[in-house]
Amino acid sequence: MAIKSKRYEEARLEASTNLELYWWVFMRISGVVLVFLLIGHMWMNAVITDLNSIDYEYVAKRLSQTTWKIYDLLILALGLLHGANGLRYVLDDWIRNPSRRFWTKVVLYSLIGFLFFLGSLSLFNHDFGVK
Amino acid sequence: MYRGREGQWAFYLHRISGLGILVFLMLHVANIASAMWGPEVSNALMKFYHQPVFQIGLLLLIAGVLYHGFNGLRIILMDFTAWGVRYQRQLWYGVWVLFVVFYLPFLLKIGGGILGGSHGD
């Protein structure tokens, strides 16, 4: 079961397994990191840049630099993991029927896993052809 | 636990915004990954997403990210400080102050773009 406690000490007592506690801690750490990464990401691409000018060229130039590859990989990995675990909390709350809950999770986790694969391929395995 | 009122709203908004962000993130990754199929495919998709209706969606998304992020920091303060839970309501209003400060530049820039008709070509 997901941990509902609002304090670390209580969370430790409530955690049914060590794994559940690790997720609880992970949500907080990844959350803080993502706040900074995402505000930076949105600022760079929506405030400093004219959003409407974004095209293949723009993405290719950005992703030809290792800094942004790593920056984006961090968002991709932390964001999808944070999102997948958040989704798990929601599904545990909202879907009462165990087999429907199970299959919903199977489908959605697979989709998230596939998108991580796709995203990391485009970050590291695609030649954008920037000279 | 939350006794309704602000805490309940904070919780529901956190959930809804979280789910919304996840849906966007998945679409966004698929969109950017389309670059692997070359500039034609990728540019066609991007042009599609430059329509005003998606820009309004983007404004909603950015609102969601800022709220979820700042409210997340509030949750962390409640978790790890002795006083956080006592001042959870005040902290929530703090979340909204931060939200407005950070949201304004996005609203002006993207909203201005929508009104100015600078989308697409």
Going by the conditions given, is residue B:64 in a helix (DSSP H, G or I), closer than 30 Å to residue A:128 by Cα, of a type outside the set (A, V, I, L, M) and more than 10 Å from chain A (Cβ to nearest Cβ)?
no
So, first residue touching a residue at least 40 places away in the same chain (Cβ under 8 Å) in segment B:72-85, second residue of a type outside the set (A, V, I, L, M) and surrounded by fewer than 14 Cβ atoms within 10 Å (Cβ to Cβ), Cβ within less than 8 Å, six or more apart or across chains; the pairs are none
| Does residue B:85 qualify as being on the phi < 0 side of the Ramachandran plot and modelled with pLDDT of 95 or more? | no
When segment A:95-112 is checked residue by residue, the ones that are over 17 Å from residue A:81 (Cα atoms) and more than 14 Å from chain B (Cβ to nearest Cβ) are A:96, A:97, A:98, A:99, A:100, A:101, A:102, A:103
Q) In segment A:6-24, is there at least one residue being under 30 Å from residue A:68 (Cα atoms), of a type outside the set (A, V, I, L, M, F, W, C), without any contact (Cβ under 8 Å) to a residue 40 or more places away in the chain and out of contact with any Leu (no Cβ under 6 Å at 6 or more places or on another chain)? A) yes
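Condition (residue is in a helix (DSSP H, G or I), under 21 Å from residue A:22 (Cβ atoms) and free of Cβ contacts under 8 Å to residues at least 12 places away in the same chain) applied to segment A:88-96: is it met by at least one residue?
If we filter segment A:88-96 for residues that are in a helix (DSSP H, G or I), which is where we start, we get A:88-94.
Okay, now just the ones that are also under 21 Å from residue A:22 (Cβ atoms), so A:88-93.
From what is left, the residues that are free of Cβ contacts under 8 Å to residues at least 12 places away in the same chain are A:90.
Yes, segment A:88-96 contains a residue that is in a helix (DSSP H, G or I), under 21 Å from residue A:22 (Cβ atoms) and free of Cβ contacts under 8 Å to residues at least 12 places away in the same chain.
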The condition of being within 14 Å of the chain's Cα centre (by Cα), surrounded by 15 or more Cβ atoms within 10 Å (Cβ to Cβ) and part of a helix (DSSP H, G or I) holds, among B:58, B:77, B:91, B:73, only for B:58
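The values are calculated or read from the model by the stated rules, or taken from the named source; none is laboratory data. No experiment lies behind these values; they were computed from the predicted model shown. Neighbour counts are summed over all protein chains in view; Cβ atoms, including those assigned to glycine, are modelled from backbone coordinates with ideal geometry.
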